[in-house]
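Please read the structure below before turning to the comments.
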Amino acid sequence: MNTSELSSEWAFDLHLNLDRTQIQPIGEVGTKKRTIVPISGGRFEGPTMKGLVLPGGADWVSINPDGNFEIDVRLTLKTAENELIYTSYQGVFWADEPSLRKYYKGELLNENQCYIRTVLKFETSSSRLSRLNQRLFIGKGSQSPSGVKYAIFEVQ
């Protein structure tokens with residue numbers, strides 16, 4: 001492998017349901033606005049695991065002066081085999097000004113109108129899934145009617 005190249009392999013799709021009725025606007029913190037968006041559930045599925053996103057997670061969003069977001073999420077996944085996976089990820093949500101105006105009016109943006117990328121880490125005590133503890137993952141996100149969906153890739 002050429003050391004200047006980086007590859008990834010699709011691991012699973014992650015669908016998050018956001019509870020927009022329970023958003024907690026913390027307000028101005030320095031040059032940014034802090035908002036907490038609860039995650040009410042969801043699901044994930046891939047070739048080696050599938051299951052549910054447990055309620056109780058959240059996105060601790062920082063909104064930059066330009067209106068774009070810094071994403072900071074923590075949540076718990078539960079596999080069909082009842083294995084728990086602590087999940088944390090950070091990333092960005094970026095859109096140009098016309099697209100942001102649409103977003104703030106409540107319109108969903110398609111993948112060409114916004115850039116959602118994340119870096120994920122997992123922690124689990126499952127011996128079957130121990131590989132998750134040793135790898136870094138990236139997510140390519142898009143908006144969905146219920147929240148956000150991601151294609152998750154393992155960095156090789």
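Each of the peptides 62-70, 102-110 was scored by the mean count of other Cβ atoms within 10 Å over its residues; in descending order, highest first, they stand as 62-70, 102-110.
If I model a spin label at Leu6 and Ile36 as a point 7 Å from the Cα along the Cα→Cβ vector, what separation in nanometres do I get? Between Leu6 and Ile36, the label points sit 3.1 nm apart.
Overall, the accessible surface of the range 13-139 at a probe of 1.4 angstrom is composed of carbon and sulfur to the extent of 52 percent. Couplings 3J(HN,Hα) of the range 44-57, computed from phi: 8, 7, x, x, 10, 7, 8, x, 10, 8, 6, x, x, x Hz, in residue order, whole Hz [Karplus 6.51 cos²θ - 1.76 cosθ + 1.60, θ = phi - 60°; x for Gly and Pro]. Structural descriptor for the range 1-63: relative contact order 32 percent, calculated from alpha carbon pairs under 8 angstrom and at least 6 residues apart.
Database remark: amide H of Ile26 closer than 5 angstrom to the amide H of Arg34, Thr35, Ile36 (H placed geometrically; neighbours at sequence offset of 5 or more, or on other chains; Pro and chain starts carry no H). Remark: the range 51-143 carries a charge dipole of roughly 300 debye about the Cα centre, counting +1 on each Lys and Arg Cβ and -1 on each Asp and Glu Cβ. Accessible surface computed residue by residue for the chain, with neighbouring protein chains in place and a 1.4 Å probe, gives 58 Å² per residue. Charged side chains reduced to their Cβ positions (Lys and Arg at +1, Asp and Glu at -1) give the range 1-108 a dipole of some 440 debye around its Cα centre. Between the C-alpha center of the range 4-62 and that of the range 74-96 there is a gap of 6 Å.
The values are calculated or read from the model by the stated rules, or taken from the named source; none is laboratory data. Every value quoted in this text rests on a predicted model; they were computed, and no experiment measured them. Neighbour counts are summed over all protein chains in view; Cβ atoms, including those assigned to glycine, are modelled from backbone coordinates with ideal geometry. Surface accessibility is based on the protein's heavy atoms, side chains included, excluding ligands, DNA and RNA. Shrake-Rupley method; radii C 1.70, N 1.55, O 1.52, S 1.80 Å.
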